[in-house]
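Here is the structure we will look at, set down as structure tokens.
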Amino acid sequence: MSTRERIRSFIVDTFFVDEFADDDSFLRKGLIDSTGMMELVAFLEQDFGLKLEDRELVPENLDSLTRVVAFVEKKKQQRLPQVG
Amino acid sequence: MSPLPVPLSRELGTLLSRLKLRRCRAVGDAPTVLGRVWIHGSGEVRLGHRVVLDGRTAPIELHAMKGGSIILGDDVAIEGGASLEALQSITVGAGAKLGAFCKVMDNQHHPLRGNRHERPPSVPLVIEDGVTVGSRAILLPGSHVQQGATVAPGTVISRRIPPRVTVGGSPARVLRREVAG
Amino acid sequence: MNPRLSALPLSTWMNHLQGLRNAVEPRAERALALARARWLFRSVQSVGRNVAAYGSMSVQNEGTIQLGDRLTFVGGMMPSSLVCHPGARLSIGSDTQFNYGVSLEAWESVSIGERCMFASFVRVGDRDGHRTAPIVIDEDVWVAHGAIIMPGVRVGARSVVSAGSIVTQDVPPDSLAMGNPARNMSLELVARESGT
């Protein structure tokens, strides 16, 4: 499963939202509330083995599926050189 | 041994309980009220049959504000210090147990940003049949704890919890999933 | 008896009485709350104007407590408590509101800004057994039900500490702290400007 599909299925399963577009704002469409956002962050850390800093928890990184995917990809890239 | 014959003292207990519940819109058969129960607000509070409210350690607060309703099903048991605040609706299913000092509210009372004195919209809160809510757990607006689920003590919840699971922690995670049956 | 007055139906009289009661009761409660606050805070070095306590409280002052203007302490099932140990400092800014069961304890320094809101059963204490470190809460902070602020924490202006959180690290301004241990996220991520 691609990153996008994994995150999408987590959001659909956890928050019981029906179809939503990749660019829909979670906040403005009311898809995820504040506790839900915390759960999304916990999911990203657990499932992708990332460590998100508190200062990264801003709308630019997390407010739509497109942004979350881009953010996760960026974090993965950052992590790779350290591992290798 | 009670100095009164058992049936008589039981009658008396029920009578006393009913007196403490006089502000409820409806009270079912044989309510048991120990200690203090505060029922305030101009909304409606309805209790099912054989409800047990044990407010001996600290008062139980049932606060239904104007236009709000708190509905407790049959055989609901609530421990001391529990506080239910409804601006719209809180429903507790049959046989549910609410632990000491738990907080159940269907409105956050203040917005996160902007003018703190504006009241955000309420979201109805449902606790289904056979649910156990641990002590000091906090159920925020939008919580919907489904049949037979268990909320561990101190957990904070604000959304749907599937049937027969145990959730705990903050933010809440599913700790255990019981096999249906 | 004046025949015109007695001609009014009883229900009208009852409505008048109820109206009178609704008008008088809040003022009487307010006056009582102001008087109660004056009595409760008699050991406090500096108390602002119009500080009101609507329920019982426990106040233990062996250090220096400074209270701003127009503070409100709401009563409820548990009394709030203010404890300031010898040599410690506890200060609360103006227009801050406290619900019932709030516990504030200063061993070194606890400082709370203006226009903050503290919900029921919030605990703020600058010592937790092995370490003591000052706590600073800036202005317009909302600490929700049952949250605990640990020693050494600074909560930035306009931030929100969500219900049941345990805050162990600093919260930047305009953030939402949530969880145990609490993590901070930008309020812009989870709330629109007006309302949630």
- Whole-percent carbon and sulfur share, accessible surface of chain A, 1.4 Å: 48 percent
- Message: I'd like the interface area for chains C and B: accessible area of each alone minus the complex, both sides summed, 1.4 Å probe, protein heavy atoms only. What is it in Å² to the nearest 100?
- Response: 2100 Å²
- chain B, helix-only ellipticity at 222 nm - DSSP H runs n ≥ 4, -39,500 (n - 2.57), divided by all residues, nearest 500: -2500 deg cm²/dmol
- Note on the structure: Residues whose built amide H sits under 5 Å from the amide H of C:D170, excluding neighbours closer than 5 in sequence, are C:R154
- Task: Run the 1.4 Å probe and let me know the accessible area of B:D54, rounded to the nearest 10 Å².
- Result: 40 Å²
- Task: Could you size up the charge dipole of chain C around its Cα centre, putting +1 on the beta carbon of Lys and Arg and -1 on that of Asp and Glu, and report it in debye to the nearest 20?
- Result: 720 debye
- Accessible area of region B:6-177 belonging to carbon and sulfur atoms, whole % at 1.4 Å probe: 53 percent
- Query: Within a Cβ distance under 9 Å of A:T14, other residues only, what is the Lys/Arg minus Asp/Glu net charge?
  - Reply: -1
- Note on the structure: Counting only protein heavy atoms and rolling a 1.4 Å probe, one gets per residue an accessible area for region B:6-177 in Å² of 43 Å²
- Item | Placed amide H near B:L175: partners under 5 Å, 5+ positions off or other chain | B:T166, B:V167, B:G168
- Using a 1.4 angstrom probe, figure out how much accessible area region A:3-83 has per residue, in square angstrom, rounded to the nearest whole. 51 Å²
- Item | Burial of 30 Å² or greater, region C:65-103 residues [accessible area, probe 1.4 Å, versus chain by itself] | C:M77, C:M78, C:Y100
- Message: Whole-Hz ³J(HN,Hα) for each residue in region B:18-35, computed from phi via Karplus 6.51 cos²θ - 1.76 cosθ + 1.60 with θ = phi - 60°, x for glycine and proline: what do you get?
- Response: 5, 5, 5, 9, 5, 8, 6, 6, 8, 10, x, 6, 6, x, 10, 10, 10, x
- Task: Report, in whole Å, the centroid distance computed from the Cα atoms of region A:1-76 and region B:79-134.
- Result: 27 Å
- Message: Sequence gap at least 6, Cα distance under 8 Å: using those rules, report the relative contact order of chain A to the nearest whole percent.
- Response: 34 percent
- Hey, if you put +1 on the Cβ of every Lys and Arg and -1 on every Asp and Glu Cβ in chain C, which of C:Q18, C:V74, C:P181 ends up farthest toward the positive end of that dipole? C:Q18
- Item | Estimated dipole of chain B in Debye, rounded to 20 [Cβ of Lys and Arg +1, of Asp and Glu -1, Cα centre] | 400 debye
- Chain pair C, A: how much accessible area is buried, both chains summed, with a 1.4 Å probe, in Å² to 100? 1300 Å²
- Query: Karplus couplings for region C:45-62 from phi (6.51 cos²θ - 1.76 cosθ + 1.60, θ = phi - 60°), rounded to Hz, Gly and Pro as x?
  - Reply: 5, 9, 10, x, 8, 6, 8, 10, 10, 8, x, 6, 8, 10, 10, 10, 10, 10
- Note on the structure: Under 28 Å between C-alpha atoms, the lysine pairs in the protein assembly as shown lying 8 or more places apart or on different chains count 12
- Solvent-accessible area per residue for region C:3-190 (1.4 angstrom probe, square angstrom): 46 Å²
- Note on the structure: Extend 7 Å from the Cα of C:R127 along its Cα-to-C-beta direction; within region C:63-95, residues with backbone N under 20 Å of that point are C:63-66, C:81-92
- Would you check the accessible area of C:D95, probe 1.4 Å, heavy atoms only, in square angstrom rounded to 10? 60 Å²
- Query: Residues of C:175-188, mean number of Cβ from any other protein chain within 10 Å of their own Cβ, rounded to a whole number?
  - Reply: 6
- Query: Accessible area drop of at least 20 Å² (1.4 Å probe, protein heavy atoms): which residues of region B:112-135 qualify, relative to the chain alone?
  - Reply: B:L112, B:R113, B:G114, B:R116, B:H117, B:E118
- Note on the structure: In region A:36-79, the residues losing 40 Å² or more of accessible area (1.4 Å probe, heavy atoms of protein chains only) relative to their chain alone are A:M37, A:M38, A:E39, A:D54, A:L57, A:P59
- In Å², rounded to the nearest 100, what is the total accessible surface buried by chains A and B against each other with a 1.4 Å probe? 600 Å²
- Task: List the relative contact order of region C:79-196 as a percent without decimals, with contacts defined as Cα pairs under 8 Å and 6+ residues apart.
- Result: 16 percent
- Long-range amide H partners of C:F73 with built H, under 5 Å: C:A52, C:A53, C:Y54, C:F98
- In whole Hz, with x marking every Gly and Pro, tabulate ³J(HN,Hα) for region B:64-80 from phi via Karplus 6.51 cos²θ - 1.76 cosθ + 1.60, θ = phi - 60°. 9, 7, 2, x, x, 9, 10, 10, 9, x, 5, 6, 6, 10, 10, 8, x
- Under a 1.4 Å probe, counting only protein heavy atoms, C:W107 has an accessible area in Å², nearest 10, of 90 Å²
- With all protein chains present, how much of the accessible area of region C:3-190 (probe radius 1.4 Å) comes from carbon and sulfur, to the nearest whole percent? 53 percent
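The values are calculated or read from the model by the stated rules, or taken from the named source; none is laboratory data. If you're wondering where the values come from, they're calculated on a predicted model, not measured in any experiment. In this analysis, Cβ positions are derived from the backbone assuming ideal geometry, glycine residues included, and neighbour counts consider all displayed protein chains. Please note that ligands, DNA and RNA were not included when accessible areas were found on the heavy atoms of the full protein model with its side chains. Shrake-Rupley method; radii C 1.70, N 1.55, O 1.52, S 1.80 Å.
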